Amino acid sequence: MGAAIFDLIAATVFNGWTALFWLAFLMRWQRVSFFVPGGAFIAQTTEWAAAPVRRWLPRTRLDWSVTLWAWWVQGIYVLLRAVVLGHAASLPPVGLAIAVVVGGAIEALYVLGHLVFWLTIASALLSWVQPRAPLAPVVHALVAPFLQPIQRWVPVVGGVDLSPVVLLLLLNLLAIVGGEVRFAVMRGILAATAG
């Protein structure tokens, strides 16, 4: 029961913080201003950590500092889970380090997939229900890089853009396959490095 409570609280905190780093990444990538509702919160909860790292990275359109933080936050989460669930004690230090590094990367990508899923739903709902909402252009801009490749192949039918439906199906497929890969990789790391 204690592990379940820890997992609920830790997943909320670590996944939420990782999602904020991914939002900062998407906002910078799409050149969305942080002077939008919620933008200041995203900037204040990520910039203090990302700014020192950014100084050491090459300047590109993509903000790799927040991506690294998303990875590190999930790595810490993987480490804490391993300690709480008792896996850390059975692993040699190298095995634990590999589990944290690989697991952190996989979990960070998993959080990104969930974030894009919910942003896509929000974008579709806003376009149908409240297209002039202040946040509508922001949400549309954040999902645009994921929808545009699909829009090249999926035609608009009767004035309805079906690309969000296709993206949601693809994200669900990735979640299913990714979930299996995620558990297989972690089991493989545990098996290969245990004992």
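Looking across segment 24-35, the residues that are surrounded by 15 or more Cβ atoms within 10 Å (Cβ to Cβ) and outside any helix (DSSP H, G or I) come down to GLN30, VAL32, PHE34. Among the residues of this structure, LEU85 does not count as one that is loosely packed, with under 15 Cβ neighbours inside 10 Å, in contact (Cβ under 8 Å) with a residue 24 or more places away in the chain and under 27 Å from VAL32 (Cβ atoms). Looking only at residues that are free of Cβ contacts under 8 Å to residues at least 60 places away in the same chain and not in a helix (DSSP H, G or I) in segment 102-137, which one is surrounded by the fewest Cβ atoms within 10 Å (Cβ to Cβ)? That would be ARG132. Might you check whether a residue that is free of Cβ contacts under 8 Å to residues at least 40 places away in the same chain, surrounded by 18 or more Cβ atoms within 10 Å (Cβ to Cβ) and under 18 Å from the mean Cα position of the chain (by Cα) occurs anywhere in segment 4-23? Checked segment 4-23: at least one residue is free of Cβ contacts under 8 Å to residues at least 40 places away in the same chain, surrounded by 18 or more Cβ atoms within 10 Å (Cβ to Cβ) and under 18 Å from the mean Cα position of the chain (by Cα). The residues of segment 47-103 that are closer than 19 Å to GLY16 by Cβ and modelled with pLDDT under 85 amount to a single one, VAL84. Which one is modelled with the highest pLDDT among residues in segment 147-195 that are outside any loop (DSSP other than H, G, I, E, B), of a type in the set (D, E, K, R) and out of contact with any Asp or Glu (no Cβ under 9 Å at 6 or more places or on another chain)? Among residues in segment 147-195 that are outside any loop (DSSP other than H, G, I, E, B), of a type in the set (D, E, K, R) and out of contact with any Asp or Glu (no Cβ under 9 Å at 6 or more places or on another chain), the one modelled with the highest pLDDT is GLU180.
The values are calculated or read from the model by the stated rules, or taken from the named source; none is laboratory data. All figures in this text were calculated on a predicted structure; none of them were measured in a lab. Don't worry about glycine lacking a Cβ; one is built from the backbone with ideal geometry, like all the others, and counts go over all protein chains shown.
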